[in-house]
Amino acid sequence: MVLQNLRKGASGLIAKVFLLVLMVSFVLWGISGVFTGSSSTTVATVGNTDVSADAFRQRYLDRIQSLGRQSGRGITQEQARAFGLDRQILSQMITEATLDDSARVLGLSMADADIVQAIHANQDFWPQGASAFDPAYFARLLQSNNLTEQRFLAEERKRVLRQQLVESLGGGVTVPGALTSAVQRYEDEQRTVSYLDVTSGATTAGPAPTEEQLKAYYETHKAAFRAPEYRKLNLLVLTPATLAPWVQVSDADLKAAYERNAGRFGTPEQREVQQIVFPNQADAVAALEKIKAGTPFADIAASRGLTAKDTDLGLVAKSGILDPKVADAAFALAADGTSDPIQGRFGYALVHVTKVVPATQKPLEEVSAGLRQQLVLERARRELMDKHDAIEDERNSGATIAETAQKVGLSLEEIEAVDRSGRDTSGAEITSIPDRANVLSAAFASRPGTDNDPVQLPQNAGYIWYDVTEITPSRERPFDEAKDQVASRWAEDEVAKAVDAKAKALLAELQGGKPMADVATANSLEVKTATFKRSRAEGDFTAEALTQVFSLPQSGFGMAAGTGNAEQLVFQVTKIDVPAGAVDPRIASQLQQQIESDVMQAYLSEVQKTLGLKVNERTFLQATGGAAVN
């Protein structure tokens, strides 16, 4: 679907660090001073390099879908703008344009042959299960993403040249030792606290709410009880699994696959093997004569100062013996047999076999079901792109998702009602939608009657086409409908208030000088202890609680919310420890990356001043679905 999906395996560590660091650089600096208001198809320009509105919009929508997939819930464009995602994507693309124009000015270039070689070696561009690059598959992949080979090569060339610039700027950076030591002490500081865990069990339940109290609570919190917007969807899911019912595997094909992969369905013959290596053939022959005369193999080894650890190769298959000549000899012997001297890789060897474990083989009938399913899925993967093209042809002719499903012989999945979080009208989670977060994000950005691009599943696993057939707007639930939810929320809030009040009272006693043990006993609580490093919240303590712990002096008291609902922790810092030790190389590495980031930011700032940076505010807002500023 998008260039990003094709390139996901093409970016090395340097490129990933570059994108991570630079994605926020303009957010930190601010770009409001270079906004203009004229209408254009260009969102931004650096020197002679443009950031087109189409490219920006596609990157922006792709990122929304990606974040939705990671978070497990759909993200709307309004939410994305509220998070500042639009500015982050713009910053990233301006950074790329800056490096592209810098590469142009510096005369950097890369031959097509080098890029093609890198693509052929990248397994992310191979079909699933393939052992080599498949030009036909790659061509279909480009076609399904609306890309030409020339365009993809051009984008890859830009990426590689950007990476070369980043590597050249980051080389030779050193971190001052004093800085590393200071950060090390900060990171390694440990604090021990004694604390009381205050939950609902430490409070007394209040009276049940009256009808008037619930109605008053409902009026104050109406927004919390609104019914969400629901959408009715038609989904056409194309994956190897959905194609599988229409793929046939003959008995002859099944038998052939079984015979080709016989080793998968059994275990090879194994033998317990012992080996003595001699420096010359004469010593090996002399030892063999003693064995033939009745001397045990183990005694020969002992006479040469060898233990069982030195001679035993263990229970091994033939493929597990490194020296082919030794392997051939060992697997030609009967149990308790000893070989003639073998001229192996490391000298002349005698091999003795103490046990033979025959090979096993599962019959075809036992493995046929699993093998047939595997063959079906393999064929379905090969047919997937052809079916994709057939579906796209139907869609381009004006067919709906339902009509297309019927024509191409696939099942249509109808979702009667789903909200943004993936739940139905009863609140139950709908788990049948593949890549649910991504699909719902796209569906809630669409409208009935809109022709939507399919959602591509991760790792080239398939596609999902969708139609929004009906929208049920969000509505205000009347009190009678929401009463049970209101009562539940009211009770939760009352418990939280009681726990908070109880914790504050206990904190006041401690600050007044009363020992924690006495406070705990009087309130049927247990004094607990915990030790933390600054960045490692665990147990009952959240990251916010840990921040309070490290903000207090020795013997200081504090109070913070715990990890559970209606839970407060009342604590005292009892020990502060700053261990002395060697500098952690990871800290030095992180500091070096930060310094390299600072160098890069300074470079980009200066380049943009030299080349010139302009951002078209009106086009930017239109591309992100925001309102243009007059």
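The values are calculated or read from the model by the stated rules, or taken from the named source; none is laboratory data. Small disclaimer: the values here were computed from a predicted structure and weren't measured. So basically every Cβ, Gly included, is an ideal-geometry build from the backbone, and we count neighbours across all protein chains shown. Protein only, heavy atoms only, side chains kept; ligands, DNA and RNA dropped before computing areas. Shrake-Rupley method; radii C 1.70, N 1.55, O 1.52, S 1.80 Å.
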Cα-based helix-to-principal-axis angle, 112-121 vs the chain, degrees rounded to 10: 70 degrees
Stokes-Einstein D (µm²/s) once Rh is taken as the Kirkwood radius of segment 269-325 over alpha-carbon pairs, at 37 °C in 0.692 mPa s: 264 µm²/s
Which of V183, V583 is most accessible, then next, and so on - probe 1.4 Å: V583, V183
Positive-end residue of I576, A530, A491, charge dipole of segment 487-630 with Cβ unit charges: I576
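To the nearest 20 debye, what charge dipole does segment 321-403 have about its Cα centre, counting +1 at the Cβ of each Lys and Arg and -1 at the Cβ of each Asp and Glu?
In total the dipole reaches around 440 debye.
Give a quick list of GluC sites (Glu not before Pro) in segment 434-507 that DSSP marks as loop, anything other than H, G, I, E or B, with at most 15 other Cβ atoms within 10 Å.
Within segment 434-507, the qualifying GluC sites (Glu not before Pro) (loop, at most 15 other Cβ atoms within 10 Å) are E476.
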Whole-percent carbon and sulfur share, accessible surface of the chain, 1.4 Å: 50 percent
Expected 222 nm ellipticity per residue - DSSP helices of 4 or more, -39500 (n - 2.57), all of the chain, to 500: -15000 deg cm²/dmol
Coarse-grained scattering of segment 459-519 at q = 0.18, 0.28, 0.29 Å⁻¹, given as base-10 log I(q)/I(0) from a Debye sum over alpha-carbon atoms: -0.83, -1.11, -1.12
Degrees separating the helix 13-22 axis from the principal Cα axis of the chain, which is the longest one: 10 degrees
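So, with +1 on the Cβ of K and R and -1 on the Cβ of D and E, and no other charges, what is the size of the charge dipole of the chain about its Cα centre, to the nearest 20 debye? Each step should come with its number before you reach the end.
Working: 65 positive and 80 negative charges, 183 e Å.
Using only the charged Cβ atoms, the result is roughly 880 debye.
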Solvent-accessible surface (1.4 angstrom probe) belonging to K362, in square angstrom, nearest 10: 100 Å²
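Expressed in nm to one decimal, what extension gain is obtained for the pair Q485 and E212 from 0.36 nm per residue of sequence separation less their Cα-Cα distance? Before the final figure, lay out each step's value.
Values: separation 273, 0.36 × 273 = 98.28 nm, distance 1.53 nm.
In short, 96.8 nm is gained.
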Computed FRET value (nearest 0.05) for K575 with D336, which takes r as the C-beta separation and R₀ as 51 Å: 0.15
Listed pairs K292/K355; K255/K407; K158/K609; K504/K528; K290/K355; K325/K355 exceeding 26 Å between Cα atoms: K255/K407
Percent of C-alpha pairs per 10 Å bin, segment 483-630, short to long: 8, 22, 20, 15, 19, 13, 3, 0
Hull shadow area, averaged, the chain [alpha-carbon convex hull, nm²]: 45.9 nm²
DSSP bridge pairs, the chain: antiparallel proportion in percent, nearest 5: 95 percent
List R477, R81, ordered by accessible area with a 1.4 Å probe, largest first: R81, R477
Scattering profile of segment 400-507 at q = 0.14 Å⁻¹ [log10 I(q)/I(0), Debye over alpha-carbon scatterers]: -0.73
Translational diffusion coefficient (Stokes-Einstein; Kirkwood radius from C-alpha pairs) of segment 160-232 at 20 °C, 1.002 mPa s, in µm²/s: 103 µm²/s
Nearest-0.05 FRET efficiency for F133 and A317, computed from C-beta distance (R0 35 Å): 0.60
Heavy-atom accessible area order for T404, T41, largest first, 1.4 Å probe: T41, T404
Histogram of C-alpha separations across segment 221-279, 5 Å bin width, %: 3, 10, 7, 9, 9, 8, 7, 7, 6, 6, 6, 6, 6, 3, 2, 2, 1, 1, 0
Paramagnetic reach from R226 in segment 418-434 [backbone N under 16 Å; point 7 Å along Cα→Cβ]: 419-421
Whole-number D in µm² s⁻¹ for segment 558-630, Kirkwood Cα-pair radius fed into Stokes-Einstein, 4 °C, 1.567 mPa s: 69 µm²/s
The chain: angle of helix 177-188 to the longest principal axis, Cα-based, in degrees nearest 10: 80 degrees
